[in-house]
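Q: One structure, as C-alpha cells, below. Some questions next.
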Amino acid sequence: MENGKNNLYELVKNFDIAMLITHDSQDMHARPMVIARLDIGMDAYLITDSDSVKVDEIEINPHALLTFQSARQFASVKGDITIEYDRALLETMWKEVWKVWFPIGIADPNIAILKFTAHEGEYWNNSGLQGLKYVYDATKAYISGERPSPDSARHNKISL
C-alpha cells in the first residue's frame, strides 16, 4: 500500500490544478481549483472565498473527490473536506497571484482553507513504458478487430 501511495503522490505532485467535485443534498458540482499544498499522504489544501457555493455544499456534505488529468496520466482521490481559517497556515501557502481572487491580499477575512483529507485513490499512468505497452495493445486490438483486454497494471486503486 505504501508503494501505491507513493506512486500516486509522484504522479500528481506537479499538478497545479485539480477538479474538485462536491455535492449538496441534490446535485454534484465540479470546478477547477488551484492546489495550494499537497502532502505525500495525498492530503490537499485549497483556497476559496468563505462565501462561495462550494463552502455551503461542504457544510451540507463534506465528502468530495479531487481529479487530476494530463495527456497520459489520470487520478481521482476520494476524501473529506474541512473548512479552516488558520491564518498561520495560510501565510505558509500564500501566493501573490491569488490577489486576482482576493484583491485585499492575505489579510482578506473571507479567505478559507479547504483541507482535503484523502481516503482512497485511483490512478492510471499511460506514460513511459506503460504508454508504449498501451499503444502496442491498442494497435494489436485495432488490427485484430477486438477490444484490448483491461490491464490492471495500468489501473491502481489504493486506500490512503
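Q: Count, please, the residues in the range 1-12 that happen to be surrounded by fewer than 13 Cβ atoms within 10 Å (Cβ to Cβ) and basic (Lys, Arg).
A: Residues in the range 1-12 being surrounded by fewer than 13 Cβ atoms within 10 Å (Cβ to Cβ) and basic (Lys, Arg): 0 in total.
Q: So, one more: Looking at the range 19-44 only, could you name the residues that are charged (D, E, K, R) and either more than 14 Å from Trp98 (Cβ to Cβ) or surrounded by 15 or more Cβ atoms within 10 Å (Cβ to Cβ) (or both)?
A: Applying the first criterion (charged (D, E, K, R)) to the range 19-44 yields 24, 27, 31, 37, 39, 43.
If the condition is that a residue be charged (D, E, K, R) and either more than 14 Å from Trp98 (Cβ to Cβ) or surrounded by 15 or more Cβ atoms within 10 Å (Cβ to Cβ) (or both), then Asp24, Asp27, Arg31, Asp39, Asp43 are the ones that fit.
Q: In the range 45-61, is there at least one residue being among the acidic types (Asp, Glu), open to solvent by less than 20 Å² (accessible area, probe 1.4 Å) and assigned to a helix (DSSP H, G or I)? Please lay out each step first, then the result.
A: Let us first name the residues in the range 45-61 that are among the acidic types (Asp, Glu), namely 49, 51, 56-57, 59.
Those left that are additionally open to solvent by less than 20 Å² (accessible area, probe 1.4 Å): 57.
Restricting the remaining residues to those that are assigned to a helix (DSSP H, G or I) gives 57.
Checking the range 45-61: at least one residue is among the acidic types (Asp, Glu), open to solvent by less than 20 Å² (accessible area, probe 1.4 Å) and assigned to a helix (DSSP H, G or I).
Q: Let me ask you something else. Quick check on Ala88: is it in contact (Cβ under 8 Å) with a residue 40 or more places away in the chain and either exposed (fewer than 14 other Cβ atoms within 10 Å of the Cβ) or closer than 24 Å to Leu160 by Cα (or both)? I'd like the intermediate steps shown before the answer.
A: On the way: in contact (Cβ under 8 Å) with a residue 40 or more places away in the chain: no; either exposed (fewer than 14 other Cβ atoms within 10 Å of the Cβ) or closer than 24 Å to Leu160 by Cα (or both): yes.
Here the answer is no, as Ala88 does not meet what is asked.
Residue by residue, here is whether (1) modelled with pLDDT under 95; (2) loosely packed, with under 12 Cβ neighbours inside 10 Å; (3) of a type in the set (Val, Ile, Thr) holds:
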position	(1), (2), (3)
Asn110	no, no, no
Lys115	no, no, no
Gln130	yes, no, no
Tyr134	yes, no, no
Tyr142	yes, yes, no
Asp151	yes, no, no
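Q: For the range 68-90, does any single residue satisfy the condition of being farther than 23 Å from Ser25 by Cβ, assigned to a helix (DSSP H, G or I), more than 19 Å from the chain's Cα centre (by Cα) and at pLDDT below 95?
A: no
The values are calculated or read from the model by the stated rules, or taken from the named source; none is laboratory data. None of these values were measured; they are calculated from a predicted model. With ideal geometry, Cβ positions are generated from the backbone for all residues, glycine too; neighbour counts draw on all protein chains shown. Accessible surface is based on the protein model in full, side chains and every heavy atom, while ligands, DNA and RNA are left aside. Shrake-Rupley method; radii C 1.70, N 1.55, O 1.52, S 1.80 Å.
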